[in-house]
Every structure is written in structure tokens, then in C-alpha cells.
Amino acid sequence: MAVHFHEEDLPAGVLTGTSALAVDTETMGLITARDRLCVVQIADGTGDEHLVRFNPGSNYDAPNLKAVLADPARVKLYHFARFDLAAIEHYLGVLAAPVFCTKIASKLVRTYTDRHGLKNLVEELLGQSISKQQQSSDWGGPVINEAQRDYAASDVRYLHALRDELVVRLEREGRLELAQACFDFLPARARLDLAGWAEHDIFSHM
Ligand code: MN
């Protein structure tokens with residue numbers, strides 16, 4: 001179990017298997033077109049996490065990372081895929097699908113709570129504790145410190161185990177098919193965000 005740090009791309013030959021990949025991003029903020037992509041985290045569920053950092057002015061020319069993210073044969077696991085899909089598409093120019101989103105899955109089965117944060121899920125479903133202390137830190141600086149690396153890695157560390165548990169609960173509640181339909185729509189939802197419909201729900205009557 002180790003955290004591997006890379007600049008501007010994954011090394012060749014890393015994460016070349018066929019398993020699902022946990023993916024997360026860190027950016028300069030929540031407005032995708034304004035707030036640049038700083039870090040992409042990826043893990044294949046075998047215990048290692050890979051962090052790819054992009055510098056200010058990066059051209060995001062990362063062929064190894066893009067190939068892994070765009071592989072249509074590998075499911076990408078996210079917590080709130082809508083945001084990460086938009087950031088990845090906007091900055092890296094690839095669609096990182098097919099998708100499994102642990103936040104959507106949680107909302108479909110954990111109807112007894114409105115606490116759907118990653119920290120809540122990891123605590124309740126896996127009995128583990130993660131810190132979100134570095135969530136709002138500066139990901140654009142010249143140095144990503146140890147606490148930031150640990151935080152960034154922990155955001156992808158539990159997604160495989162969460163997926164497994166959430167699938168059990170989705171099956172139990174008869175909502176697996178509905179969840180899959182929601183996951184399949186997420187790339188379009190991210191594109192609506194990028195195209196200017198972020199705050200406007202086109203399914204609402206208004
Ligand atoms: Mn994160």
C-alpha cells in the first residue's frame with residue numbers, strides 16, 4: 001500500500017489492468033471553466049493510489065492518463081461523478097466513463113439520511129474514518145504537502161469497497177437498474193453543467 005506521486009502524466013505501464021478504477025480530482029475551486037484541474041487521483045483497488053499533478057499553465061498532454069481514463073472497458077468509480085467528469089472532459093478532453101457514482105447510489109438506498117458525503121459513507125458502510133481537513137486547501141501551489149497527498153489518496157482508497165456494499169443494498173432495494181440508468185446519464189449531466197445548465201434543472205416544470 002503506497003501513494004505514488006507523478007507530474008503531468010502517469011508513467012507508461014501503470015494501471016494497465018482491466019479492473020474498475022477509482023477516480024477523483026482536485027481543482028482550484030468549484031467553477032470548472034475558471035478553476036483549473038490540479039490533481040487527478042486513480043486507484044485500481046489493489047492498495048496503491050496514484051496522484052497525477054498538473055502545474056500552472058499545463059497543456060494537459062497526458063497520453064497515459066487519458067488512455068486509462070477513456071478505456072470504455074473499465075468502470076470508473078467516483079464520489080459525485082458529475083463534478084469530476086466535467087473537470088476531466090474540460091481539461092483532459094476525454095470522457096472518463098462508464099461510471100459508478102457512490103453518492104448517487106447512496107441517495108438511492110440510504111433514504112433514511114441526508115448525509116451522503118464520502119466521509120459519512122466510509123464511516124457507516126466500512127467502519128473507517130477519513131479526514132476531510134485538506135478538502136479546501138490550495139492544490140495549485142508548487143508543493144503538494146504530505147497531508148494533502150494523504151487526503152487526495154484517501155478520496156479514492158475506499159471507492160471499490162463502497163461500490164461493493166452499495167451494490168448489495170441497491171439489489172436489496174430493487175434499485176440497481178435505476179442506479180445504472182442514472183450512472184449512464186452522468187456524462188450528459190456533466191456536459192449540461194459545462195454548457196451552462198449547471199443551476200437549471202431542465203427536467204423541472206419551470
Ligand atoms: Mn477529492
Practice item. Have a look at the DSSP beta bridges in the stretch 3-195 and tell me what percent are antiparallel, nearest 5. Key: 50
Practice item. Could you tally the net charge around Val143, taking each other residue with its Cβ under 13 Å from the Cβ of Val143, Lys/Arg +1 and Asp/Glu -1? Key: -1
Practice item. Any lysines with Cα under 23 Å of the Lys107 Cα? List them, leaving off those in the same chain fewer than 8 positions away. Key: Lys76, Lys119, Lys132
Practice item. Within the stretch 162-206, list the chymotrypsin sites (Phe, Trp or Tyr not before Pro) lying in a DSSP loop whose Cβ has at most 12 other Cβ atoms in a 10 Å radius. Key: Phe203
Exercise for review: Can you tell me how much longer the chain between Tyr112 and Ser131 gets when fully stretched, taken as 0.36 nm per residue apart minus their C-alpha distance, in nm with one decimal?
Suggested key: 4.5 nm
Practice item. Calculate the dipole size of the stretch 116-206 relative to its Cα centre from +1 charges on Lys and Arg beta carbons and -1 charges on Asp and Glu beta carbons; express the result in debye to the nearest 20. Key: 60
Revision key, fill the gap. With Cα springs under 10 Å, the Gaussian network model of the chain assigns the largest mean-square fluctuation among Leu192, Leu176, Leu125 to Leu125
Review point. So how far apart, in nm, are the two label points at Glu123 and Gln180 if each is 7 Å from Cα heading toward Cβ?
Key: 3.3
**Study point:** GNM flexibility winner over the chain from Gly45, Gly117, Gly57 (Cα, springs under 10 Å)
**Key:** Gly57
Point to revise | Stokes-Einstein D in µm²/s, Kirkwood radius over Cα pairs - the chain at 4 °C with 1.567 mPa s viscosity | key: 75
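Throughout, read-outs are computed from the coordinates displayed, never taken from laboratory work. Note that the structure is a prediction, hence the values are computed from the model and not measured. With ideal geometry, Cβ positions are generated from the backbone for all residues, glycine too; neighbour counts draw on all protein chains shown.
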